[in-house]
Amino acid sequence: MNERFDVIALGELLIDFTENGQSAQGNPLLEANPGGAPCNVLAMLQKLGKRTAFVGKVGKDMFGVQLRQAAESAGICMDHLLEDENVHTTLAFVKTFPNGDRDFSFYRNPGADMMLTADELPLGALRAAKIFHFGTLSMTHPEVRAATKAALAAAKEAGALISFDPNLRPPLWNSLDEAREQISWGLGHSDIVKIADNELEFMTGETDFDRGAEKLRGTYPDIKILNVTAGADGSYSYTGGKRVFVPSFRLGGTIETTGAGDTFCACVLNYVLEHGADDLSEDKLTDMLRFANAAAYLVTTKKGAIRSMPEREEVESILANN
């Protein structure tokens, strides 16, 4: 019998090289931080006491070893992480701006995370998950796209809720039209969606969050919970006929925003696991967003993501004192 997981995620596992000072010669020093949005989500869920597993592929190289060790040390089940002997682990080089925003340069053409195929999926584990989570980096190329869709189908058929984060990275797509098409597919097959403000505008043409959310919910009526993150401003939740906004925590100390959206997403999934996804009141939605915003703030005060997720007590302390 397959072990039952609260959340199983499929997608990229990669190294984020982030700037960390300069050498004596004035060259930038880069820190190899383990990352990748799906595993970032799982790492925070582990901090909240949930059982998680990851499905994906890394290269059979030093970075693949580092990533497996980092994820396992976070408590994530990595039994379904495969190694590619011919294609190296994907790398991302992250430029951080003074306000904490980032710009990415990817070494991924190809990268090992693209090499996952449908016949390599652990279907038993996928069918034993309460929630299946994915993004679009596993939909940029035909074979891994087919694997993602097959994994979603297996989980959904077994009764899992489907969680989706578009996580748009334009340089990784052949065209933005292709990106829009695959994001649309994801939105049409999901119960819980976390979408950033720029992605909402990309999909709807709207800069007004309420109008953009209304368009999305009209086009994809099966979405149970639609959450829109607005960076330093806060976050919105649209559920049924309800609309809730909670401002972010601006307490200083932000270093970079890597992993903030993934931390937010994890906290929402944790809330759904504990309270369900149906008939959430405005008070419950507010509680959900406040916790998620506080956790997202805390991860911005550290570098990296998988190893920077806050403890539940740290989040609760922020909430109690603000």
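Legend: translational diffusion of region 191-238 by Stokes-Einstein, Rh = Kirkwood radius over C-alpha pairs, 10 °C, 1.306 mPa s; D = 152 µm²/s.
What does the highest-first list of 87-94, 254-261 look like by mean Cβ count within 10 Å? Kindly include the intermediate steps, with their values, before the conclusion.
Numbers: 87-94: 20.9, 254-261: 22.4.
Ranked from most to least packed, the peptides come out as 254-261, 87-94.
The calculated FRET efficiency for the pair THR301 and ASP233, based on their C-beta separation and a Förster distance of 22 Å, comes to about 0.75.
On full extension of the chain, what length is gained from ALA158 through GLN25, given 0.36 nm per residue of separation minus the C-alpha to C-alpha distance? All intermediate terms of the calculation are to be shown ahead of the outcome.
Working: separation 133, 0.36 × 133 = 47.88 nm, distance 5.70 nm.
My answer for the length gained is 42.2 nm.
Report, ordered by chain and residue number, the lysines lying within cross-link reach of LYS95, taken as a straight Cα distance under 26 Å and ignoring same-chain residues fewer than 8 apart. The qualifying lysines are LYS57, LYS194, LYS302, LYS303.
Would you compute, from DSSP H runs of 4+ residues alone, the mean residue ellipticity of the chain at 222 nm, taking -39500 (n - 2.57) per run and dividing by the full residue count, rounded to the nearest 500?
-11500 deg cm²/dmol
The distance linking region 7-30 with region 72-145 is 16 Å (Cα centroid to Cα centroid, whole angstrom).
Semi-axes of the equivalent ellipsoid of region 128-184 are 23, 11, 8 Å, computed as sqrt(5λ) over the eigenvalues of the C-alpha gyration tensor in descending order. Among 41-52, 105-116, 212-223, sorting by the average number of other beta carbon atoms lying within 10 angstrom of each residue, highest first, gives 41-52, 105-116, 212-223. Taking only the C-alpha atoms of the chain, Rg followed by Dmax gives 18.4, 59 Å. Region 162-187 and region 237-292 have their alpha-carbon centroids 22 Å apart. Under Stokes-Einstein, with the Kirkwood radius over Cα pairs as Rh, the value for region 179-299 at 25 °C and 0.890 mPa s is 169 µm²/s.
Here the scattering of region 233-305 is modelled by Debye summation over its C-alpha atoms, one equal scatterer each and no solvent; at q = 0.20 Å⁻¹ the log10 of I(q)/I(0) is -0.79. For region 37-110, the average shadow cast by the Cα convex hull is 5.8 nm², which is a quarter of the hull's surface.
Once the Kirkwood radius over Cα pairs is known for region 107-226, the Stokes-Einstein relation at 37 °C and 0.692 mPa s delivers a diffusion coefficient of 221 µm²/s. Note on THR207 and ALA320: their simple-model spin labels are 4.2 nm apart, each label 7 Å out from Cα toward Cβ.
Assuming R0 = 30 Å, what is the FRET efficiency of ASP61 and SER184, from their Cβ-Cβ distance, to the nearest 0.05? Numbers along the way, then the final one.
Working: r = 35 Å, r/R0 = 1.16.
Efficiency, rounded to the nearest 0.05: 0.30.
Computed from the coordinates by the stated procedures, all read-outs in this text should not be read as laboratory data. As the structure is a computational prediction, the values presented were derived from the model and not from experiment. All Cβ positions, glycine included, derive from the backbone under ideal geometry; neighbour counts span all protein chains shown.
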